[in-house]
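Below: the structure, in structure tokens.
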Amino acid sequence: MVTLEKIAHLAEECRFDSSGPAQGALQAGIDEVDVEKLRCLGEGTRHDVCASTYSPRETPLPGICHAFTQDGRCVSLFKTLFTNHCSHQCSYCSNAAVCSNKSRAFSYTPKELARITISLYRSNYIEGLFLSSGAGRDEEHTTEKMLETVRLLRQKFAFSGYIHLKVLPGSSRDHIQEAAKLADRVSINLEAASASHMNEICATKNYENDILQRQRYIRDILSGSSRNRKSILPAGQTTQLIVGACGESDEEIFQRVLYEYREIGVKRAYYSAFSPQSGTPFERKTAQPLWREHRLYQMDWLYRIYHFQADEISHAFDENGFLCNADPKMAIAREAMDRPLDPNTATLQELLRVPGIGPRSAQRIVALRKRRPIVAKAELAAMGIRIKRAAPFLKINGWRDTTLEMWQA
Ligand code: SF4
């Protein structure tokens, strides 16, 4: 655990006296680092998600958070806002201009933030930076300062760690272009499932122009770079939605996320269950249960990893478009599977539709049956299949489990 005092101390001690282009560049003006600023700007990222519920929850303390790479590696990131001052009026956000309970406004200077980041990096506490921000007095000015921080890190101090940079709504194409050259991943928060839901959350942001259009800029930069075989934004573009801030259904959220995957090419969507913050216009709204966020991540997983079709997934929603607190894969199987499958003859895609069978265990089934037929449930259990869940949907050695109501005689 790295305390905020320790982070401040490391930054104050940081002299950058190594040889190379960074020599001496930050030696001048090593001021005291304000622990209260570290705390407020760290806490201000509470609405920014950098890991899903499939991973351990982030530390509640401001400072260092944990995220997971594509290959499942856990990485530590210094997670902070550049400024907690924001001219926007998002009704759920404690950084918003309309929040009556705002903490004191703080901003880093690019040099100060670069120094904190590099000192943590060189002390092996972090592998990267997750940098978000309020809009400050205007997006352009704040984005310029965020980019200056990242430029300092990359160009002056040869920082080769991971950088996830939030793109502020309404950022210019030039700024987005530069962010894409400097960062490993960029993201712009979608927040809401539609323009009308956005209007309920925030009157100062235009959903189409400030958000979707900026996401398309990023998409076009990425597709241009792959045409020119230039390596840019290796971790791609992601996005994030607040779940349940204004009555939107899970189906509406899911439809929007499908659009993001198909049309915008986002690598990941993240979900954050709405939680009311005191002093905000939404302070009296009901908090959303974490299970809702978790079930949306499961749906997301079924689409991205199991390659379920959108119309199959729709079986999981109730008549009002909401998920219940149960495994959506089980709900889909009950609705969509009309006969038990023989694991010796089912295709890989069919096996993936059986509750309790994941991509790895489906591969194991296919590998085993090439050598010999599968004749007992115990063989499946030995491969890591959750047999209690899977058995009612399978016919093994001519026998099927009769405990599932829908297939009882
Ligand atoms: S843009 Fe909205 S969500 Fe982001 S910091 Fe400002 S008020 Fe908060």
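The values are calculated or read from the model by the stated rules, or taken from the named source; none is laboratory data. The structure displayed is predicted, hence computed values, not measured ones. Ideal geometry is used to build each Cβ from the backbone, glycine not excepted, and the neighbour counts take in all protein chains shown. Protein only, heavy atoms only, side chains kept; ligands, DNA and RNA dropped before computing areas. Shrake-Rupley method; radii C 1.70, N 1.55, O 1.52, S 1.80 Å.
Is segment 213-233 home to any residue that is assigned to a loop (DSSP other than H, G, I, E, B) and open to solvent by less than 20 Å² (accessible area, probe 1.4 Å)? I'd like the intermediate steps shown before the answer.
Initial filter on segment 213-233 (assigned to a loop (DSSP other than H, G, I, E, B)): 228-233.
Now narrow it down to the ones that are open to solvent by less than 20 Å² (accessible area, probe 1.4 Å): 233.
Among the residues of segment 213-233, at least one is assigned to a loop (DSSP other than H, G, I, E, B) and open to solvent by less than 20 Å² (accessible area, probe 1.4 Å), which makes the answer yes.
Would you point out the residue of segment 176-203, among those that are away from the ligand (no atom under 12 Å from the Cβ) and touching an Asp or Glu at 6+ places or on another chain (Cβ under 8 Å), that is most open to solvent (accessible area, probe 1.4 Å)?
Filtering segment 176-203 down to residues away from the ligand (no atom under 12 Å from the Cβ) leaves 176-187, 193-197, 199-200.
Filter once more, keeping what is touching an Asp or Glu at 6+ places or on another chain (Cβ under 8 Å): 193-195, 197.
Values: 193: 9, 194: 28, 195: 50, 197: 17 Å².
This residue is 195.
Only one of these is more than 24 Å from the chain's Cα centre (by Cα) and at pLDDT 95 or above: 165, 113, 152. Name it. Give the steps one after another, and end with the answer.
On the way: 165 fails: more than 24 Å from the chain's Cα centre (by Cα); 113 fails: more than 24 Å from the chain's Cα centre (by Cα).
Selected residue: 152, the only one of 165, 113, 152 that is more than 24 Å from the chain's Cα centre (by Cα) and at pLDDT 95 or above.
Please go through segment 337-364 and pick out each residue that is over 17 Å from residue 387 (Cβ atoms), of a type in the set (Asp, Glu) and open to solvent by less than 70 Å² (accessible area, probe 1.4 Å).
Here is the first cut: in segment 337-364, the ones over 17 Å from residue 387 (Cβ atoms) are 338-339, 345, 347-350, 359, 363.
With the extra rule that they be of a type in the set (Asp, Glu), the set shrinks to 338, 350.
Listed by number, the list holds a single entry, 350.
Take residues that are in contact (Cβ under 8 Å) with a residue 40 or more places away in the chain and tell me which of the helices (runs of 4 or more DSSP H) falling wholly in segment 284-379 contain 2 or more. I'd like the intermediate steps shown before the answer.
Numbers: elements: 290-304, 310-313, 328-336, 348-352, 359-371.
Hits in segment 284-379: 290-304, 310-313, 328-336, 348-352.
Within segment 145-157, is even one residue within 27 Å of residue 283 (Cα to Cα) and open to solvent by less than 30 Å² (accessible area, probe 1.4 Å)? Give the steps one after another, and end with the answer.
Of all residues in segment 145-157, those within 27 Å of residue 283 (Cα to Cα) come to none.
Looking through segment 145-157, none of the residues is within 27 Å of residue 283 (Cα to Cα) and open to solvent by less than 30 Å² (accessible area, probe 1.4 Å).
State whether the residues of segment 246-264 include one that is in the same structural domain as residue 218 (by TED's automatic domain parsing), of a type in the set (Phe, Trp, Tyr) and in contact with a strand residue (DSSP E or B) (Cβ under 8 Å, 6 or more places away or on another chain).
Step one: filter segment 246-264 for residues in the same structural domain as residue 218 (by TED's automatic domain parsing), giving 246-264.
From what's left, of a type in the set (Phe, Trp, Tyr): 254, 259, 261.
Those still in the list that are in contact with a strand residue (DSSP E or B) (Cβ under 8 Å, 6 or more places away or on another chain) too: 261.
Yes: segment 246-264 contains one or more residues that are in the same structural domain as residue 218 (by TED's automatic domain parsing), of a type in the set (Phe, Trp, Tyr) and in contact with a strand residue (DSSP E or B) (Cβ under 8 Å, 6 or more places away or on another chain).
What strands (runs of 3 or more DSSP E) lie completely within segment 122-207 and have 2 or more residues being of a type in the set (A, V, I, L, M, F, W, C)? Even if it seems obvious, please write down each step before you answer.
Working: elements: 128-132, 162-166, 185-187.
By residue number, 128-132, 162-166.
Kindly evaluate residue 112 against the criterion of being closer than 24 Å to residue 4 by Cα and more than 15 Å from the ligand (Cβ to nearest atom). Before the answer, list the steps.
Values: closer than 24 Å to residue 4 by Cα: yes; more than 15 Å from the ligand (Cβ to nearest atom): yes.
Yes, satisfied.
Return yes when residue 94 is hydroxyl-bearing (Ser, Thr, Tyr) and away from the ligand (no atom under 15 Å from the Cβ) and no when it is not.
Numbers: hydroxyl-bearing (Ser, Thr, Tyr): yes; away from the ligand (no atom under 15 Å from the Cβ): no.
No: the conditions fail for residue 94.
For segment 257-277, how many residues meet the condition of being under 15 Å from residue 46 (Cβ atoms) and open to solvent by 70 Å² or more (accessible area, probe 1.4 Å)? Walk me through how you get there before you give the answer.
First, the residues of segment 257-277 that are under 15 Å from residue 46 (Cβ atoms): 270-277.
With the extra rule that they be open to solvent by 70 Å² or more (accessible area, probe 1.4 Å), the set shrinks to none.
Residues flagged as under 15 Å from residue 46 (Cβ atoms) and open to solvent by 70 Å² or more (accessible area, probe 1.4 Å) within segment 257-277 amount to 0.
Since residue 254 meets every condition but one in (1) in contact with a Ser or Thr (Cβ under 9 Å, 6 or more places away or on another chain); (2) open to solvent by 40 Å² or more (accessible area, probe 1.4 Å); (3) in a helix (DSSP H, G or I), which condition does it not meet?
(2)
Among the candidates 137, 173, 122, which residue alone is among the charged types (D, E, K, R), surrounded by fewer than 24 Cβ atoms within 10 Å (Cβ to Cβ) and within 24 Å of the chain's Cα centre (by Cα)? Reasoning before the result, please.
On the way: 137 fails: within 24 Å of the chain's Cα centre (by Cα); 122 fails: within 24 Å of the chain's Cα centre (by Cα).
When all the criteria are applied, what remains is 173.
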